[in-house]
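For reference, the structure is listed below as structure tokens.
Every number in this text was worked out from the coordinates using simple rules, so none of it is lab data. For clarity, every value in this text was computed on a predicted model and none was experimentally measured. Glycine also receives a Cβ, built like all others from the backbone with ideal geometry; neighbour counts cover every protein chain displayed.
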């Protein structure tokens, strides 16, 4: 039964990564679609390619953080199964409603909620949870500040250039800025699922002599941090998120690309460029942030360079409600699923 549960968790983790791809595809392509730099099909292919290319760039800092959200010595596979099921359910609900919520936070919330239901609050590493939760607010604020500053800098640099020619240049620039943001999305979000699969392997083999763990399940630690994981996990996660991105996320693209503020190519470059800076920086620090929150804040920032009323604050407030609810709702849902699994005897 334990081996079966491990396989089910791995399959569901890849499914979650696939859903994450089309759920969060809007993050990196909404601006290039809304400004008509690329067609929707071209945009998702572009984003999917750079999602996968992230493997060659980023180290496993996010994997280590996610795998250690809870103490794997005191949980079982049932906990991880409940967490991943809850995360999938919440992602599908928010996708259906067109709400760009955070796949990162629903995964962390689900994982933590099931662990608490099983072993109490002590099993959760609260410092990691608090850091992740803090960036529910910090990610959009920093994204907004970065995009506002970047917009002002670009406006100052190009103030004497021909506007018609600049428009063409910034359309080309959007290809590069969206590529950078897609790299950040792949490096950040795919690694979160790698962390969950790594946690499942650590739980499954926790009572096994490390020398007897098969090669396909070996996880290497350096200075107490995850340094290397089996390549099938890496390739599987990047393939899943890239394939999901190819499916697109048109409901959320409509929200991100036009409902927050009306975008030009110049503003698209500033928003995506600021978002990419944010994602590259937090990944280097091992802080799993929401690409959704980051790009939403960045889009708000470029809107503010025009005027405060250019941002549709009513839409933004609704998004913030969803962000705040994501972790606690995912925790409660995961706890409920854990108790149901226990009731039916899945362990």
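Please compute, over every Cα-Cα pair in region 28-126, the percentage with a separation greater than 18 angstrom. Can you show the working numbers first?
On the way: 2991 of 4851 pairs.
It works out to 62 percent of all Cα pairs.
Between helix 40-53 and the chain there is an angle of about 50 degrees, using the helix long axis and the longest principal axis of the Cα atoms.
Please work out the FRET efficiency for the pair residue 342 and residue 208, using the Cβ-Cβ distance as r and a Förster radius of 25 Å; give the result to the nearest 0.05.
Working: r = 24 Å, r/R0 = 0.98.
That pair, residue 342 with residue 208, gives E of 0.55.
Modelled spin labels at residue 231 and residue 137, positioned 7 Å past Cα toward Cβ, are 4.5 nm from each other.
Packing-based ranking of 163-170, 332-339, 176-183 yields 176-183, 332-339, 163-170, ordered from highest to lowest mean Cβ neighbour count within 10 Å. On C-alpha positions alone, give me the angle between the axis of helix 103-119 and the longest principal axis of the chain, in degrees, nearest 10. Computed tilt is about 20 degrees. Using r as the Cβ-Cβ distance of residue 169 and residue 126, and R0 as 56 Å, what FRET efficiency do you calculate, to the nearest 0.05? That pair, residue 169 with residue 126, gives E of 0.70.
Per the Cauchy relation, a quarter of the hull surface: what is the mean projected area of the convex hull of the alpha carbons in the chain, in nm²?
Values: hull surface 66.3 nm².
The number I arrive at for the chain is 16.6 nm².
Show me the ranking of peptides 81-91, 53-63 by mean Cβ neighbours inside 10 Å, starting with the highest. Could you put the intermediate results ahead of the total?
Details: 81-91: 25.8, 53-63: 19.6.
Highest-to-lowest ranking by the protection proxy: 81-91, 53-63.
Taking label points 7 Å from Cα along the Cα-to-Cβ direction, residue 322 and residue 92 give a separation of 1.7 nm.
At a threshold of 8 angstrom on Cα-Cα distance, excluding pairs fewer than six apart, so keeping six or more, what relative contact order does the chain reach in percent?
Result for the chain is 39 percent.
For the peptides 151-160, 112-121, the ranking by mean Cβ contacts within 10 Å, running from highest to lowest, is 112-121, 151-160.
Scaled against 2.2 N^0.38 Å for its residue count N, the alpha carbon radius of gyration of region 142-301 is 1.31. Helix 126-157 sits at what angle to the longest principal axis of the chain, using alpha carbons and giving 0 to 90 degrees rounded to 10? For 126-157 against the chain, the angle is about 20 degrees.
Pop the C-beta distance of residue 42 and residue 73 into the FRET formula with R0 = 41 Å and round what comes out to the nearest 0.05. Intermediate results must be reported in sequence, preceding the final value.
Details: r = 47 Å, r/R0 = 1.16.
According to the calculation, E is roughly 0.30.
Normalising the average separation of contacting C-alpha pairs (under 8 angstrom, six or more residues apart) by the number of residues puts the relative contact order of region 1-119 at 34 percent.
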